[in-house]
Amino acid sequence: MANAKASVGMIDGTDADLIVLPELGLSGYTCGDLFATDSLLSGCLAALEQIADHSAGHGAMVVVGLPLTVQTALMNCAVLVADGSIHGIVPKSYLPNYREFYEQRHFRAASAADPKMLKVLGQNVPFGTDILFSRGQATIGIEICEDLWMPIPPSSHASLAGANVLLNLSASNETIGKAAWRRDLVRSQSGRCLAAYAYSSAGPGESTSDLVFGGHCMIAENGVVLGESRRIGDGVEPVVVPSMVVTRDVDLQRLDHDRRVTGSFDDARTIQHEFRTVNCESASKPTATTRPELKRIVDGQPFVPSGEQELADRCSEIFAIQIAGLVKRLSRLPADTTLSIGVSGGLDSTLALLVAIRACDVVGRSRADVHGVTMPGFGTTEHTRQSADQLIAATGITGECIDIRALCLDTFRSLGHQPLGVEIDPQTTVEALQKQLVEVPVGTADLTFENVQARVRTMLLMSRGFVLGTGDMSEQALGWCTYNADHISMYNVNTSIPKTLVRFLVRYAAEHDFGGKLKDLLDRVADTPISPELLPPAADGSIQQSTEAEIGDYELHDFFLFHFVRNGFSKEKILYLAQHASFTQSYPAQIIEATLDKFLARFFANQFKRNCVPDGPKVGSVSLSPRGDWRMPSDADADMFRGES
């Protein structure tokens, strides 16, 4: 009964709603011919009874493994118990009988001839591989060890029948390199089935006569490993008895969303097997309690990998996708086509410039074919102007500077507009206007003043050749661009890159592809505050117009963008996740909610801009292209999504 005692201790040691124990955990996997003895089999039944009785006061569903006699054969089974009862039994479908495994010596595999019900401990219990278990939003499918390693695992059929939580009771021994393959199987099966997948393997309590079992436990969700336990052989000391427990929350709402939007998932139901569903709802509903601590990591920057090497790999891959997209587009243009790009000295235009010169390198064109135009206006600071000039000089592209202020002043006169409230007349000079504008109080708004500058710049670029766009996905989401200005181009390599990732891409380029004399310059650009520089600088010449001061931090907006577009979450769900997210700084709850309201309002109000964005390559799981990933009415009402109706 030692295994039963250990299992009860494991159950009592967690507050999980669903507990998965290893394959043949009540007997041990390495019993050999002892499986045929009455003492072992009766002991396992006694242990099962003890665990079932104990579950009456726990509230969790518990899945244990043990050998059971079915008709005249012995079968390797998983048993789900909850609320003091046995709810169902699932036998193993595939028995390994190669190399170190010889399960067919002891057990019979599941078959269509198996009984549908089995009497165990005085209960008539559903039996078979065609059983799903339901509780709340969870529908649970179970398979055992080798089942996962098959070309079509039983869990694939269970998922098509509705299972969104898949369990695997396993006894997988450790050999060199096996853990990585095992991890890949769990991760990929969770992604293939659009489900959560919990894997629990036997540990060092098993016999070590010929094998060592590492106790590897994992929980994955739709292709991502949420967490895994220590295991023997993981290279971390001490390794004798590692902690073989892992607990994570899985997001069933997200899984349901992913299945809804993945139409091909339902297409596979043409090969669906028939399943029975066992209701495991608790007879006694728990009273409402405070929401427990979230047992999963909520990344505050979901577009940015947290690991240093993973981030470097991601940046390298994104650059390659951007470059490949532009190379293909260039191949369809006349050989003498000039590639024009507005170089502002900011993050977005710097990234697009780096992609442009790399694309020229790839196709063997001179970097001088890239025409970088700086267009200082009334808000341009000396800092960004120097950065732009240095970038043009250092990269070897063709440079041109056009002061747009005179053109803008003429436009203001034609419109009869007083920029930022400053009166102008036919004798007003650019210098006089610039001096007066610097004295305008901070916070004075004038959208016409800003838009005229943006549209003049685009007009000049469009008159000089093939225009490479620079705007990023975060700006598209928020509509933070001027329609028919920086909103438009012939091709935009940044179109599906969020702002939080742009800075990392520029820093990556500084460290890897563009080292040497460009490194300090790219670091300078990456450290520059985000601003469209369309309002006058401060009296000391510094940037006065801060994008994030006006609309909120891009870190928050990109978090909201990911969970609204990628996961389809409600405002309430996004706010809950934001409370648990690992942001780079602490945000008060009222700031998070106010910024989310602003995000939703701007996102809905600016679909008309996204409906006619230029071509550009998709690089991640989220894109706002109306030709592919995101389509919605331009006049959709945001009130319901903001919780206002």
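Considering the range 593-605, and only residues there that are touching a residue at least 60 places away in the same chain (Cβ under 8 Å) and touching a helix residue (DSSP H, G or I) at 6+ places or on another chain (Cβ under 7 Å), the residue that is surrounded by the most Cβ atoms within 10 Å (Cβ to Cβ) turns out to be Phe599.
The single condition among (1) under 17 Å from Val20 (Cβ atoms); (2) over 41 Å from the mean Cα position of the chain (by Cα) that Asn76 does not satisfy is (2).
Quick check on the range 54-67. Is at least one of its residues in contact (Cβ under 8 Å) with a residue 40 or more places away in the chain, in contact with a strand residue (DSSP E or B) (Cβ under 6 Å, 6 or more places away or on another chain), assigned to a helix (DSSP H, G or I) and in the same structural domain as Ser172 (by TED's automatic domain parsing)? Yes - at least one qualifying residue is present in the range 54-67.
Going by what's in this entry, would Arg365 be described as assigned to a loop (DSSP other than H, G, I, E, B) and either crowded, with 19+ Cβ neighbours inside 10 Å or over 29 Å from the mean Cα position of the chain (by Cα) (or both)? Taking the combined requirement at face value, the residue satisfies it. Please tell me if Ser39 is in contact with a Gly (Cβ under 9 Å, 6 or more places away or on another chain) and farther than 20 Å from Gly122 by Cβ. It is false that Ser39 is in contact with a Gly (Cβ under 9 Å, 6 or more places away or on another chain) and farther than 20 Å from Gly122 by Cβ.
Annotation: of all residues in the range 432-484 being among the charged types (D, E, K, R), outside any helix (DSSP H, G or I) and more than 17 Å from Lys609 (Cβ to Cβ), the one that is modelled with the highest pLDDT is Asp446. Condition check: of a type in the set (Val, Ile, Thr) and crowded, with 24+ Cβ neighbours inside 10 Å. Does Val452 satisfy that? Here the answer is yes, as Val452 does meet what is asked.
For the range 382-404, does any single residue satisfy the condition of being in a helix (DSSP H, G or I) and touching a strand residue (DSSP E or B) at 6+ places or on another chain (Cβ under 6 Å)? Yes, the range 382-404 has at least one match.
Can you spot a residue in the range 74-81 that is buried (at least 16 other Cβ atoms within 10 Å of the Cβ), out of contact with any Phe, Trp or Tyr (no Cβ under 9 Å at 6 or more places or on another chain) and part of a helix (DSSP H, G or I)? No, the range 74-81 contains no residue that is buried (at least 16 other Cβ atoms within 10 Å of the Cβ), out of contact with any Phe, Trp or Tyr (no Cβ under 9 Å at 6 or more places or on another chain) and part of a helix (DSSP H, G or I).
Taken together, the residues in the range 613-628 that are surrounded by fewer than 16 Cβ atoms within 10 Å (Cβ to Cβ) and in contact (Cβ under 8 Å) with a residue 60 or more places away in the chain amount to 1.
The rows are residues; the columns are (1) under 23 Å from Glu100 (Cα atoms); (2) within 19 Å of the chain's Cα centre (by Cα); (3) of a type in the set (D, E, K, R); (4) at pLDDT 90 or above.
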site	(1), (2), (3), (4)
Ala220	no, yes, no, yes
Ile232	yes, no, no, no
Ala268	no, no, no, no
Ile271	no, no, no, no
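For the range 414-431, the set of residues classified as over 48 Å from the mean Cα position of the chain (by Cα), surrounded by 13 or more Cβ atoms within 10 Å (Cβ to Cβ) and assigned to a helix (DSSP H, G or I) consists of Val430 only. Annotation note: of Ile404, Ile424, the sole residue that is touching a Phe, Trp or Tyr at 6+ places or on another chain (Cβ under 7 Å) and over 27 Å from Ser496 (Cα atoms) is Ile424. When Ile574, Ile543 are checked against the criterion of being crowded, with 16+ Cβ neighbours inside 10 Å and either in the same structural domain as Ser531 (by TED's automatic domain parsing) or at pLDDT below 95 (or both), a single residue qualifies: Ile543. May I ask you to verify whether Ser489 is touching a helix residue (DSSP H, G or I) at 6+ places or on another chain (Cβ under 6 Å), among the small types (Gly, Ala, Ser) and crowded, with 16+ Cβ neighbours inside 10 Å? For Ser489, the condition - touching a helix residue (DSSP H, G or I) at 6+ places or on another chain (Cβ under 6 Å), among the small types (Gly, Ala, Ser) and crowded, with 16+ Cβ neighbours inside 10 Å - is not met. For the range 183-202, a residue qualifies if it is under 14 Å from Pro22 (Cβ atoms) and either surrounded by fewer than 22 Cβ atoms within 10 Å (Cβ to Cβ) or of a type in the set (Phe, Trp, Tyr) (or both), and exactly one does: Tyr199. Filtered by the rule that a residue be assigned to a loop (DSSP other than H, G, I, E, B) and aliphatic (A, V, I, L, M), the range 15-51 gives Ala16, Leu21, Leu24, Leu26. Within the range 82-117, the set of residues being more than 36 Å from the chain's Cα centre (by Cα) and not in a loop (DSSP other than H, G, I, E, B) comprises Ser85, Ile86, Glu103, Gln104, Arg105, Met117. The requirement of being farther than 24 Å from Arg455 by Cβ and assigned to a helix (DSSP H, G or I) is satisfied by Thr595.
Per-residue answers, yes or no, for (1) out of contact with any helix residue (DSSP H, G or I) (no Cβ under 9 Å at 6 or more places or on another chain); (2) farther than 14 Å from Gly616 by Cα; (3) surrounded by 22 or more Cβ atoms within 10 Å (Cβ to Cβ):
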residue	(1), (2), (3)
Glu317	yes, yes, no
Ser331	no, yes, no
Thr338	no, yes, no
Thr350	no, yes, yes
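Among the residues of the range 551-563, is any of a type in the set (D, E, K, R), at negative phi and either out of contact with any helix residue (DSSP H, G or I) (no Cβ under 8 Å at 6 or more places or on another chain) or assigned by TED's automatic domain parsing to the domain that holds Gly421 (or both)? The answer is no; no qualifying residue exists.
Across the range 500-518, the number of residues qualifying as outside any helix (DSSP H, G or I) and either closer than 20 Å to Val622 by Cα or free of Cβ contacts under 8 Å to residues at least 24 places away in the same chain (or both) comes to 2.
The values are calculated or read from the model by the stated rules, or taken from the named source; none is laboratory data. Predicted, not measured: the structure shown is a model, and the values here were computed from it. Positions of Cβ are generated from backbone atoms using ideal geometry, with glycine treated the same way; all protein chains shown enter the neighbour counts.
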